[in-house]
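*Asks:* Shown below is the structure under consideration.
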Amino acid sequence: MGNNLILIGMPGAGKSTVGVLLAKQLGLDFIDTDLVLQRQVGLRLQQLINLRGLHNFRAAEEQMLLSLDCDHAVIATGGSVIYSEPGMQRLKTLGRVVYLKIDLPQLTQRIANMGQRGLMKQAGQSFADLYAERTPRYRRFADIEVDINGLGTEAVLQKVEKQLHTG
């Protein structure tokens, strides 16, 4: 297993926010796979979904994950990475996968700008439906599960670090 730390979870769980701070705290590099994907395709995530559809978004995301090569980094992933079995297997070879788990009511409160986030969901699918669909996938791929309900950023950092040493 690699020496990276991979954060997975729903959009709005705080993967990027926590990831940057965790990387600083642990002396690691920081990689945001959404930014890597945007750079590779030359489009924002929502533009990619709108112009090329969900199938092509998933294919582009999977290719990005399979080509990801890093060392000593905290990797914040897009919420949809769990749809790619090969992509997740690649991430698991790169390091420990940490699921930032948050309940739906708290997550819904955090999400204000869903239209600009590049949220990958089917037409007519509610955020609650997406949450219910994704949660078992996050749990399946996680090496460590960190419940972040009701916690501020600093408390999340402390809890993640503690569980890294015990989990």
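The values are calculated or read from the model by the stated rules, or taken from the named source; none is laboratory data. The model shown is predicted, which means the values in this text are computed figures rather than measured ones. Note: ideal-geometry Cβ built from the backbone for every residue, glycine included; neighbour counts use all protein chains shown.
*Asks:* With respect to residue 155, is the statement that it is over 13 Å from residue 13 (Cβ atoms), under 18 Å from the mean Cα position of the chain (by Cα), of a type in the set (A, V, I, L, M) and assigned to a helix (DSSP H, G or I) true?
*Replies:* no
*Asks:* Tell me whether region 24-40 contains one or more residues that are free of Cβ contacts under 8 Å to residues at least 24 places away in the same chain, of a type outside the set (A, V, I, L, M) and surrounded by 17 or more Cβ atoms within 10 Å (Cβ to Cβ).
*Replies:* yes
*Asks:* With respect to residue 66, is the statement that it is within 17 Å of the chain's Cα centre (by Cα), under 22 Å from residue 142 (Cβ atoms) and in a helix (DSSP H, G or I) true?
*Replies:* The answer is yes for residue 66.
*Asks:* Which one is surrounded by the most Cβ atoms within 10 Å (Cβ to Cβ), of the residues in region 132-167 that are hydroxyl-bearing (Ser, Thr, Tyr) and modelled with pLDDT of 95 or more?
*Replies:* Filtering region 132-167 for residues that are hydroxyl-bearing (Ser, Thr, Tyr) and modelled with pLDDT of 95 or more, the one surrounded by the most Cβ atoms within 10 Å (Cβ to Cβ) comes out as 138.
*Asks:* Tell me which of these residue 64 doesn't satisfy, since it passes every other one: (1) of a type outside the set (Val, Ile, Thr); (2) farther than 29 Å from residue 161 by Cα; (3) modelled with pLDDT of 95 or more.
*Replies:* (2)
*Asks:* Taking the condition under 20 Å from residue 146 (Cβ atoms), modelled with pLDDT of 95 or more and assigned to a helix (DSSP H, G or I), does residue 36 pass?
*Replies:* Taking the combined requirement at face value, the residue does not satisfy it.
*Asks:* State whether the residues of region 50-61 include one that is farther than 21 Å from residue 160 by Cβ, touching a helix residue (DSSP H, G or I) at 6+ places or on another chain (Cβ under 7 Å), buried (at least 19 other Cβ atoms within 10 Å of the Cβ) and of a type outside the set (Gly, Ala, Ser).
*Replies:* Among the residues of region 50-61, at least one is farther than 21 Å from residue 160 by Cβ, touching a helix residue (DSSP H, G or I) at 6+ places or on another chain (Cβ under 7 Å), buried (at least 19 other Cβ atoms within 10 Å of the Cβ) and of a type outside the set (Gly, Ala, Ser), which makes the answer yes.
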